[in-house]
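Since every read-out is calculated from the coordinates, none of them should be taken as a lab result. Keep in mind that what you see is a predicted model, and the values were worked out from it rather than measured. Ideal geometry is used to build each Cβ from the backbone, glycine not excepted, and the neighbour counts take in all protein chains shown.
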Amino acid sequence: MSEKTMIEVKDLVKKFNGLTAVAGISFNVQRGECLGILGPNGAGKTTTVRVIQCISPATSGTVSVLGMRASLDERRIRALLGVVPQENDIDPDLTVNENLELFAALFDIPRKVAQARIMEHLEFVELKERADNKIGSLSGGMKRRLLVARALLNEPSIMILDEPTTGLDPQARHLIWQRLRALKNKGVTIILNTHYMEEAQQLCDRLLILDKGSILKEGIPQELVKNEVGEEVVEVRNHEGVKDVLRKLQGLEFNSEVVGDTLYLYCHESKDILTRLATSETLSVLRRLATLEDVFLKLTGRGLSE
Amino acid sequence: MKKLLAVLSYRIYYVWKRNLVSYKRFAIPTFIASMGEPLLYLVAMGIGLGSYMGLINGMPYLNFLAPGLLVSTAMFAATYECTFGAYVRMTVEKVYNALIVTPLTVEEVVAGEILWGMTRSMFSGFIMLIVLLLFGIAHWSSFLLMPLVWMAVGFFFSSLAIIITSFAPNFDFFTYYLELFITPMFFFSGVFFPLDRMPAVVKVIARFLPLTYAVDISRAFIRGPLGWNILRDFVILLVSASILFIWALHQMKKRLIK
């Protein structure tokens, strides 16, 4: 384990009543890195981070955080973590301020320091005016921002965010992304579970694509796109038959996939494809850049996983 | 024991304090829920029924009834707090989920909840005792000794309630617990009638009901006489409560850490 390694996950297996949620995965997270864990619902993302948070014991394999074993040093590990859970668990019986005061106390932060930090973090997530409000009066986006503020109270060296922007409007989502980028610049190590490709592309240095408890692919976002699907995608609709279209494109280099009424052509350069398809007037042809979403769908399949 | 001390620390206080801060907002409704029943019995049976009755054990029925109700209110307060109250915090409000990703352990969360249940027992007991003072049934000196009984009762019934909560799939589950265990105990542990003239079966059953011991202690504290049997009753209550406490920590951990 090198000095830069913050988290080391080795052959992690997690079973619930015989059902395998995580089927033997290994990965490391380096200091200051933002690692994205991508996967459809039920892929094992939440289970994986719960083991790192020491609230779910591994069935087999090991998880270490800064050299400390998750199964042995739970208090010390959790003292280093800032966790934004998937489900909102802000205490609805307390005010915004009381919520943060409670959490500061739990991390043994002295009262005076806590007061200053609470104001600072509330400002950071633009909730300063809401300090004395009840939780019930906050919108979904505000609650998420409050979760981020709460997770920052102990000045964590590792942030674990489980689908932090699910269900938020674009404004709220972008605000959270801004804040996460600011944290990354400060050197905070981040693990981000998400199924939003845009979020992964915006924030993550490296990605794990998880499906059915196993790692399908690992890599840097741009390289994953380039290696898995190429640079450009041509979507063809209104065709009279896939075979006809493919016949026109004989000799060109591309991968293709048919989903419903659409034929997807993945390639590095679409110019020749477009020229040949231009001969047909009835075809509806759309050219766009390849994205992480294409990689994701290609790897995890287009069927519903649940 | 060593293992237990490693997972319990001063952080229990923060869980307790969280409940106190939240309680301030819901004090009145929760208070009425736990106080209402014993107070109702005091008025309806003690005064209503009591006026048609002669002396029981050499005292008016109201005076006989009062010490038992004084500990029953503590039992109800702890029971409601650590069943319905704890279940809401655990499943609806997700308070436990939030707490256990801090340096807090599950054991500390549970111990804090039980400590809070004991506190609620104390609150209810105090108010009830004030009422009894106003009725002229108790003496102010009871404020010195009664907290010991309320704490023991709170400890026992909070721990037991947490165990029930750890198994509860929904709210209906608590109705069974209340109707099949708590309410029968309320009626058969010597609160409403002396046990010594009951059939042997009832006497034997009563000896297995923890409230019986608390009622005995309370009656001795309020009416006298104070004897060594009180110490025995305390030991029985505290030992059984401690066993339930350890079990509660274990069961709740099983529910929360998966």
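Given a Förster distance of 35 Å, report the FRET efficiency between residue A:238 and residue A:181 from their Cβ-Cβ distance, rounded to the nearest 0.05. According to the calculation, E is roughly 0.30.
Extension gain residue B:175-residue B:44, at 0.36 nm per residue separation less the Cα-Cα distance, in nm? Numbers along the way, then the final one.
On the way: separation 131, 0.36 × 131 = 47.16 nm, distance 2.38 nm.
So the extension gain works out to 44.8 nm.
So, in Å, what gap is there between the alpha-carbon centers of the stretch A:193-266 and the stretch B:164-229? Computed from Cα coordinates, the inter-centre distance equals 69 Å. Other residues lying with their Cβ under 11 Å from the Cβ of residue B:257 contribute a combined charge of +3, Lys and Arg counting +1, Asp and Glu -1.
Using the Cβ-Cβ distance between residue B:148 and residue A:205 with R0 set to 51 Å, the FRET efficiency from 1/(1 + (r/R0)^6) comes to roughly 0.25. Tally the DSSP beta bridges in chain A and give the antiparallel ones as a percent, rounded to 5. The answer is about 70 percent antiparallel. Could you work out the local net charge near residue A:95, counting Lys and Arg as +1, Asp and Glu as -1, over the other residues with Cβ closer than 12 Å to its Cβ? Summing Lys and Arg as +1 and Asp and Glu as -1 gives -1. Database remark: amide H of residue A:83 closer than 5 angstrom to the amide H of A:160 (H placed geometrically; neighbours at sequence offset of 5 or more, or on other chains; Pro and chain starts carry no H). Summarising the strand pairing of the protein assembly as shown, around 70 percent of its internal DSSP beta bridges are antiparallel.
Cα-Cα over 24 Å: which of A:4/B:3; A:15/A:226; A:143/B:94? Before the final figure, lay out each step's value.
Details: A:4/B:3 33 Å; A:15/A:226 34 Å; A:143/B:94 14 Å.
Those over the limit are A:4/B:3; A:15/A:226.
Straight-line cross-link reach from residue B:203 at under 19 Å between alpha-carbon atoms covers these aspartates and glutamates, not counting any fewer than eight positions away in the same chain: B:216, B:233.
In this label model, residue B:247 and residue B:25 are separated by 3.5 nm, measuring between points 7 Å along each Cα→Cβ vector.
Based on C-alpha pairs under 8 angstrom that are at least 6 apart in sequence, chain B has a relative contact order of 24 percent.
Compared with the dominant principal axis of the Cα atoms in chain B, helix B:142-167 is inclined by about 50°. Name the residues of the stretch A:188-218 whose amide N is less than 16 Å from a point 7 angstrom out from the Cα of residue A:31 along the C-beta direction? A:188-190, by backbone N distance to the label point.
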